[in-house]
1. Can you tell me which residue among 246, 273, 297, 317 is buried (at least 22 other Cβ atoms within 10 Å of the Cβ), among the small types (Gly, Ala, Ser) and over 30 Å from residue 162 (Cα atoms)?
2. Just to verify a result, which residue in the range 300-314, among those that are part of a loop (DSSP other than H, G, I, E, B) and farther than 30 Å from residue 368 by Cα, is most open to solvent (accessible area, probe 1.4 Å)?
3. Counting only residues that are out of contact with any Ser or Thr (no Cβ under 9 Å at 6 or more places or on another chain), within 16 Å of residue 193 (Cα to Cα) and assigned to a loop (DSSP other than H, G, I, E, B), how many does the range 215-250 have?
4. When residues of the range 290-324 are filtered for being within 22 Å of residue 347 (Cβ to Cβ) and in contact with a Pro (Cβ under 8 Å, 6 or more places away or on another chain), how many remain?
5. Taking the stated definitions as given, is residue 345 within 29 Å of residue 227 (Cβ to Cβ), under 32 Å from the mean Cα position of the chain (by Cα) and among the hydrophobic types (A, V, I, L, M, F, W, C)?
6. Looking for whichever is part of a helix (DSSP H, G or I), open to solvent by less than 20 Å² (accessible area, probe 1.4 Å), among the basic types (Lys, Arg) and within 29 Å of residue 205 (Cα to Cα) here; the options are 66, 134, 117. Which one fits?
7. Restricted to the range 151-204, and to residues that are within 21 Å of residue 41 (Cα to Cα) and of a type in the set (D, E, K, R), which residue is farthest from the chain's Cα centre (by Cα)?
8. Scan the range 158-173 and report the pairs whose first residue is under 17 Å from residue 36 (Cβ atoms) and open to solvent by 10 Å² or more (accessible area, probe 1.4 Å) and whose second residue is among the β-branched types (Val, Ile, Thr) and not in a loop (DSSP other than H, G, I, E, B), with Cβ atoms within less than 6 Å and a gap of 6+ or a chain change.
Amino acid sequence: MKKAFTKASAIFLGIVMIMTCTSEISAEDKPVRDYKESYVLMEPYTKTVIREKNGDVPVQMGSFNKLMTVLLAAEAMDRGELTFDTVITASENANSKQGAQIWLMPGEKSTLSELLKGVIIGNANDAACVIAEKIGGTEEKFTELMNARAAELGMKNTLFTECTGYYDDGSQHTTAYDAALLLCELSKHEELTEIFVTRLEDIKDGKVQLVTSNPMGHRYKGSVGFKCGTGPSSGYFAAEGACRDGFSLVCAVMDCRDEDRALGLAKELLDIGFGGYTVISLDIPEDMPDAVKVKNGCGTEVSISAEQTGNALISKGSEDAVEARIILPSFVYAPVGRGDKIGELRFYCKDRLLKTVQLRAAEDIPKKSVLSVLSDMLKYITEF
C-alpha cells in the first residue's frame, strides 16, 4: 500500500523545486559569450546618476522583466482596481508556463498578495502570467501596457515582449539606465517592501515554501528589496534599493557573468552612494524679489512665482557650499501673461549647477492702450 503524501513531504518538495527553478538556468548551462556588465547608481527623487558604466548599452533583461509586472500591479492597487485581497483565477495559459512556478492549476484561485509573493520571492512565471491577465485581459494586452508605461517613465531603450522574462525571443531588452528608472518608480511603493525583503514565505496553505534569490533584500542595511536573477539567454542582474535616514538610492547592475559579481557590484555601489552623498532641500533665498517692474503696462510691476525647488544630491560635507543665484531683469515690457517666464533661480554647489528653477509671472499685466493713456491723463488733470 502506498504511503500517504504528507504535508511535510509536500513542503520539502516545494522547497526543492522552487530552489531548482528560481534561477531559471544553471551557471554551467549559460551560453559562452562576452558579458557587457553595465550598471547605474541613481538617487530616485532627483534621478541623479552617481555612478555609471555602459548605462545606455542594450542588454537582455531576463527575469528583471517581472519588476514591471509588479509595478503595474502596485499601480492598479493605487487606482483602487485591485487590493492585496483580490482573488484571481489561474488560466490554462498561466498553467502552461515553464521555469520557476508555484504550480497553479487552471481554475485555481489565489489572492494578489500570494501571487505577488510568488513573483517577487519565488520568481514564479505562472504567478506573473495570472497577474498580467487580470490587469490586461490577456498577456498580449498586458505587454502593451508594459511598453506604454516604460515610455511614460522615459525608458527609451526598453522593449517588453512578454511578462516573465523567461520566454525571451531575443528582441526583449533594456539598459541599466532604463532599469534604474523603473526602480525609482518602484521605490515609491512602500507597501511592497515587506515582500521584497522576505527571505522565506509559505503560500498555498503551506504546500509551497518560497526561498528568495535576492540575499541583499534581508542582509543589506536599509534595504527596500527588489530582485536579482538571470534568464535563459541573459546575464545575471541585481536590482537593489535601500533607504537610510531618509536618503534613498537604487542600483541596477545588468548582464554579469555570475550572481556573485552582480550582487558584489550592487553592494559596492550602494556603499559608495551612502558613504559619499546626501540629499538636501533647496530653499528659495530670503532676498528673492516679490515682483519686477513693468514698462508700458496697466500695472507698474508684476508679481513673481517660483516653480517647486525640490531637492538636490550633493557630496557629504559640501552643504555650506550650496548657493542660489537669482537671474532677473530690472524690468519687463507689457503685455505680460500669467505663467510667462521672467527669470531663473539657479542653485550651485562649488560652481556646479545643481538645478534651475523657472521664475514666472504670477498675473496678467496688459499693455497700455490709447484709451488707458487718455484715462490716466484725464485723471491726472482732474486731480491737479
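The values are calculated or read from the model by the stated rules, or taken from the named source; none is laboratory data. Since we're looking at a predicted model, the values are computed, not measured. Don't worry about glycine lacking a Cβ; one is built from the backbone with ideal geometry, like all the others, and counts go over all protein chains shown. In case anyone asks, the SASA skips ligands and DNA or RNA and just uses the protein heavy atoms, side chains included. Shrake-Rupley method; radii C 1.70, N 1.55, O 1.52, S 1.80 Å.
1. Working: 246 fails: buried (at least 22 other Cβ atoms within 10 Å of the Cβ); 297 fails: buried (at least 22 other Cβ atoms within 10 Å of the Cβ); 317 fails: buried (at least 22 other Cβ atoms within 10 Å of the Cβ).
Of the residues listed, the single one that is buried (at least 22 other Cβ atoms within 10 Å of the Cβ), among the small types (Gly, Ala, Ser) and over 30 Å from residue 162 (Cα atoms) is 273.
2. Ranking the candidates gives 308 first.
3. The total comes to 4.
4. Here the count works out to 3.
5. no
6. 66
7. For the range 151-204, the residue satisfying everything is 156.
8. Every condition considered, the pairs that remain are 158/174.
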